[in-house]
Every structure is written in structure tokens, then in C-alpha cells.
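Please treat every number below as a calculation from the coordinates, not as lab data. None of the values given here were measured: they were computed from a predicted structure. Cβ: placed from backbone, ideal geometry, glycine included. Neighbour counts: every protein chain shown.
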Amino acid sequence: MPSAVKNIVVKGITINAETTAKAILAIEKNVVPTFPFVSVSSAQTDPNVTVDYTGQKSPVESAVESKFSTSTIDELEKAVETVCGIVKSSSVSSTLKNSIVTATNSLMSVSQVLTSFVNISKSSDSSVTSVINSKYLSTSVKLSNTTINSQTGDNTIVTVTNDIVALKTDYKAPTLTSVSISPVSVHTGEYITVTFTASEALANIPTVVILGRNALVTKISGNSYNAVLQTTLSDSGTVAFSISSYIDLAGNAGGTVTATTDGSTCWARATAPTNVVTPIFSISSGTYSEAQTVTITTATAGATIRYTLDGSTPSATNGTVYSAPITISSTTTIKAIATKANVTNSDIASATYTINLVTLQAAAPEFSHTAGTYTSTQSVSITSATAGATITGTRSMAALLRRLTERFIPHP
């Protein structure tokens with residue numbers, strides 16, 4: 001900056017629901033304008049510099065519009081308009097505003113806007129519904145192909161916020177960097193597994209066809225997937241498969257893959273197995289953000305499945321007899337074995353589920369009155385912007401309340 005410049009004035013920037021939505025997107029997604037707000041020549045000698053954006057878009061607006069779809073901006077604008085409509089309304093009490101809007105003085109993130117929007121949408125207070133109706137404010141928006149309304153939960157808001165991505169700038173198609181098939185051979189009723197890893201995150205679950213039939217595909221972790229198919233009496237010979245319909249987050253489609261990368265093959269034998277078929281879990285090992293319900297099955301009719309959750313090895317006599325789906329709410333390893341009279345026991349199946357539950361922090365309690373000296377008795381209420389939150393206190397909290405009460409005693 002030239003030493004002669006002492007004052008810089010930027011004016012003419014419109015502030016409304018649209019520009020606020022764009023500013024929030026810029027902050028949330030770290031959008032950097034391609035050109036500066038203020039450009040000053042090195043030869044500048046005037047100490048005062050004024051930049052006027054009247055009638056034109058600011059650098060932030062232009063940058064956001066170039067990176068996000070019109071629908072994303074429009075839907076977030078509707079949510080901002082609803083929240084601001086309630087915050088600015090004189091007919092809605094301050095106490096109520098504080099209880100349903102996460103930050104009445106500043107909305108700095110998409111999640112704050114959406115959380116406040118959901119709280120407003122579900123409010124049954126007549127003053128809120130009156131403002132919504134009179135100003136034709138929205139109570140439902142759609143972001144990242146997800147509808148946000150009075151029924152939306154906190155976890156959905158987190159997911160939607162994370163899923164808002166910039167417009168496509170990547171035109172490189174995804175590839176499969178690793179593909180394998182197992183086991184080497186299978187008997188009738190046993191399972192074939194194709195395991196593969198994509199070069200980048202995918203926007204969908206790929207389609208896998210094994211022996212001409214759609215396989216069950218599950219995400220293991222990261223960019224890795226498992227596809228499983230049970231064989232039938234009609235299956236014999238070299239097992240053919242194809243992996244297709246996989247798309248990256250930028251919308252690029254990958255090519256169909258029909259061969260392994262490690263040279264592995266599988267041969268199907270139309271004969272009955274000599275062992276009990278190894279149990280299979282409905283959900284593959286991996287890391288998950290919520291509890292998982294796992295079912296265990298075996299292709300051997302009449303077999304009994306036993307499982308353990310404590311790390312011990314299951315056997316015909318050790319472990320819990322499987323009878324119903326198992327809910328996994330914390331990191332757990334399941335081991336299972338299938339047994340049947342006069343048939344060799346199955347191999348032991350094992351799957352580890354790492355559960356990282358999404359924990360949201362409740363908003364800090366707020367007092368309806370600020371500390372000060374008053375000439376009349378004051379009634380102080382404590383609220384939290386987090387819907388359904390319970391406010392509790394310790395002795396320290398009680399002491400704080402006493403001190404606040406003393407500050408509110410009428411001044412003689």
C-alpha cells in the first residue's frame with residue numbers, strides 16, 4: 001500500500017438476504033475472490049481512496065456465483081430471509097428470538113442459518129407463524145438434494161452443510177486403483193466377494209454385476225467397497241464380473257471395469273460344499289458416524305451361528321447363538337462361526353466397526369436481562385438456543401444466580 005494512502009472507503013455494497021447468503025457461503029467454504037475489493041496504484045498520492053460498488057457486484061458475490069450453483073444460493077437465501085425476518089420483527093419477543101435463533105447478532109455459518117431456520121419452521125408460537133404468513137417466508141428449502149424443514153434433525157444439518165460443494169472444476173474421471181476377487185474357488189451356496197478401491201471419493205455406490213446378477217455392494221471405508229454374491233447350482237466356470245456406474249463428486253463417470261488389478265480369479269463349482277458356509281455380515285467392516293444394525297447369515301441351511309463381541313473366538317460351544325440383528329453403537333469387533341451336525345464347521349468370519357458418533361454442542365445458556373442496576377424487581381429467565389436442551393447448574397451456577405439476583409434488586 002502506498003505510504004500516501006491514509007483512508008480507504010468502500011461503499012455501495014448491498015446487504016440483503018441474497019448477499020448475506022453469498023457471504024456465508026464464502027466464509028463457510030473459504031471462497032477467495034479472484035480480484036481485490038480495493039486496488040490502489042503504486043503511484044497513488046491522494047490520501048483518500050474511495051471504491052464505489054453501487055449498481056455492481058462485490059468481488060465476494062462474483063466469486064461465490066462462479067463456484068456454486070444458482071439453486072444452492074437461492075435456497076440458502078430463502079433460509080436467511082426467514083431467519084432475518086423473525087430476528088427483525090418487533091412482534092416476536094427477544095426471549096423467543098433467543099430461544100430459536102442460534103445467533104441473533106451474527107449468522108456466520110451455514111449450519112447456524114439452517115439450525116435457526118429449522119427451529120423457526122417448527123415453532124408453534126403465534127407471533128412467529130404470523131410473521132411467516134404475512135411476509136410469505138419459506139419454511140422448507142432444499143440443499144444438496146435434501147429437504148430442510150421442521151422435521152430436520154441436527155445430524156442432517158451437519159451432513160447437508162458438509163455436502164455443499166463448489167461447481168465442477170474437475171473433469172478427470174475416477175478410476176479403480178485396486179480390484180480383486182475371492183475366494184479362488186466356490187461351491188454352490190458360497191459367497192463371491194469383489195473388493196475394489198476408487199482413486200477418489202465417489203458420489204454414489206457403484207453397480208457390480210457378478211455372474212450376470214447384481215451383487216450387494218457396501219462401502220468398507222474411505223474409497224473402498226465390497227461386492228458380495230451368493231452362488232447357485234447354475235453357476236460354474238470362471239466367475240465374470242463388471243463394475244460400472246460410479247461417479248466422483250464433480251460428476252465425472254468412471255469406465256466399466258471387468259478385470260482384477262492383482263490377477264486374482266475365482267472358479268465356481270456346481271457342487272455342494274464340504275464345510276458349513278462361512279457366515280457373512282450385512283454390513284462390512286468400516287468407520288461409521290452412527291450406530292449400525294448388523295445381521296449375520298450363512299448359506300448352509302439348518303446351520304447354527306454363534307458370535308462373540310468380546311474378542312474371543314466363537315466355536316460350536318462358545319459364543320452367543322445368533323437369533324436377531326445386532327446393534328453396534330460403539331467400536332466393536334464381531335466374530336462368528338456357523339456349525340451343523342455331521343458337517344465341518346465354517347471358517348470364522350470377523351468384522352470390526354469403528355463408531356464415531358457425531359456430537360453436537362448445545363448452545364450456551366443466555367440470561368434474558370444483562371447484569372446491572374434496576375429500579376424495580378426483575379424476573380430473569382435462562383434459555384438455550386438449542387431446541388430440547390436441558391439447563392442444569394452446579395453450586396457455582398447457583399452462586400452466579402444469587403449474584404445476578406442481587407444486581408437486580410431494586411435500587412432505593
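Worth pointing out:
- Exposure proxy ranking, count of Cβ atoms within 10 Å, fewest first, for Glu77, Glu18: Glu18, Glu77
- If the Kirkwood radius is taken over C-alpha pairs of region 158-245, then at 37 °C and 0.692 mPa s the Stokes-Einstein diffusion coefficient equals 224 µm²/s.
- When each of Lys67/Lys172; Lys142/Lys172; Lys172/Lys219; Lys67/Lys142 is checked by Cα-Cα distance, pairs over 25 Å: Lys142/Lys172
- Listing Ile243, Ile382 from fewest to most neighbouring C-beta atoms within 10 Å gives Ile382, Ile243.
- Radius of gyration and Dmax over the Cα atoms of region 230-323, both given in Å: 18.2, 52
- Local charge for Leu114 was computed over the other residues whose Cβ lies under 14 Å away, with Lys and Arg +1 and Asp and Glu -1, and equals -3.
- Set of aspartates and glutamates with alpha-carbon distance to Lys29 below 18 Å, sequence-local pairs under 8 removed: Glu18, Glu61, Glu65, Asp74, Glu75, Glu77, Asp163, Asp170
- Rg followed by Dmax, in Å, when region 274-358 is reduced to its Cα trace: 13.0, 47
- Projecting the Cα atoms of Ser376, Val110, Gly263 onto the charge dipole of the chain (Cβ charges, centred on the Cα centre) puts Ser376 farthest toward the positive pole.
- Anchor Lys335: aspartates and glutamates whose Cα lies under 12 Å away (excluding residues fewer than 8 positions away in-chain): Asp310, Asp347
- Shape analysis of the chain yields a ratio of the Cα radius of gyration to the Kirkwood radius, Rg/Rh, of 1.12.
- Relative contact order of the chain, defined on C-alpha pairs under 8 angstrom at six or more residues apart (%): 11 percent
- Between Leu309 and His369, residue separation times 0.36 nm minus the direct Cα-Cα distance comes to 16.3 nm.
- Taking every alpha-carbon pair under 8 Å whose residues sit at least 6 apart, region 171-272 reaches a relative contact order of 38 percent.
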